[in-house]
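Working notes, structure below.
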Amino acid sequence: GCEIVHTPEDALRLAGDGEDVWLIGGGSIYEQLLPQCKKAYITKIYDKFPADTYFPNLDEKPEWTLTEKGEVQEENGVKFSFDIYEQK
C-alpha cells in the first residue's frame with residue numbers, strides 16, 4: 001500500500017492536493033520537504049544521543065507552532081512525548 005519515489009519533486013507530484021503524505025527520513029528529505037509541510041508529528045526525545053543527523057528543532061522556528069503537546073512518557077529510561085506542530 002505504499003509507493004516509492006526518488007526525488008522530492010516526484011513525491012509532491014504523486015501526493016497531489018488534499019492527501020496526507022508521510023515523510024520518513026532521512027535528513028536530506030526533511031531538509032528539502034519540511035518547508036512544504038503543513039503539519040509535523042514529532043516524537044520528542046528528552047535526552048541526548050550521539051548521531052550524525054538530527055531533525056530540526058521546530059521550537060526554534062517561528063513559522064511552526066506547537067498545537068498539541070503529548071504527555072511525557074518513559075520507556076527503558078528514555079523520556080519522550082508525541083507532539084504535533086503546524087506551520088503558519
First in segment 14-34 and within 13 Å of Y54 (Cα to Cα), second anywhere and open to solvent by 40 Å² or more (accessible area, probe 1.4 Å) and among the aliphatic types (A, V, I, L, M), Cβ under 6 Å, 6 or more apart:
I29/L23
Output for segment 1-12, where each listed residue is exposed (fewer than 12 other Cβ atoms within 10 Å of the Cβ) and in a loop (DSSP other than H, G, I, E, B):
G1, C2, E3, I4, H6, T7
Among the residues of segment 13-61, write down those that are more than 16 Å from the chain's Cα centre (by Cα), more than 18 Å from V78 (Cβ to Cβ) and part of a loop (DSSP other than H, G, I, E, B).
G16, D17, G18, E19, D52
Answer yes or no as to whether K61 is under 30 Å from V5 (Cα atoms) and touching a residue at least 12 places away in the same chain (Cβ under 8 Å).
no
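Please go through segment 65-85 and give me each residue that is among the hydroxyl-bearing types (S, T, Y) and over 9 Å from I42 (Cβ atoms), ordered by number.
T65, T67
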Search result, residues across segment 30-54 that are open to solvent by 70 Å² or more (accessible area, probe 1.4 Å) and within 25 Å of R13 (Cβ to Cβ)
E31, Q32, P35, Q36, K38, K39, Y41
If a residue has to be farther than 21 Å from G26 by Cα and open to solvent by 50 Å² or more (accessible area, probe 1.4 Å) to count, how many in segment 55-88 make the cut?
16
For segment 19-29, give me each residue that is surrounded by 12 or more Cβ atoms within 10 Å (Cβ to Cβ) and of a type in the set (G, A, S).
G27
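The values are calculated or read from the model by the stated rules, or taken from the named source; none is laboratory data. The model shown is predicted, which means the values in this text are computed figures rather than measured ones. FYI the Cβ positions are ideal-geometry reconstructions off the backbone, even for glycines, and counts take in every protein chain you see. Surface areas here come from the heavy atoms of the whole protein model, side chains and all, with no ligands, DNA or RNA. Shrake-Rupley method; radii C 1.70, N 1.55, O 1.52, S 1.80 Å.
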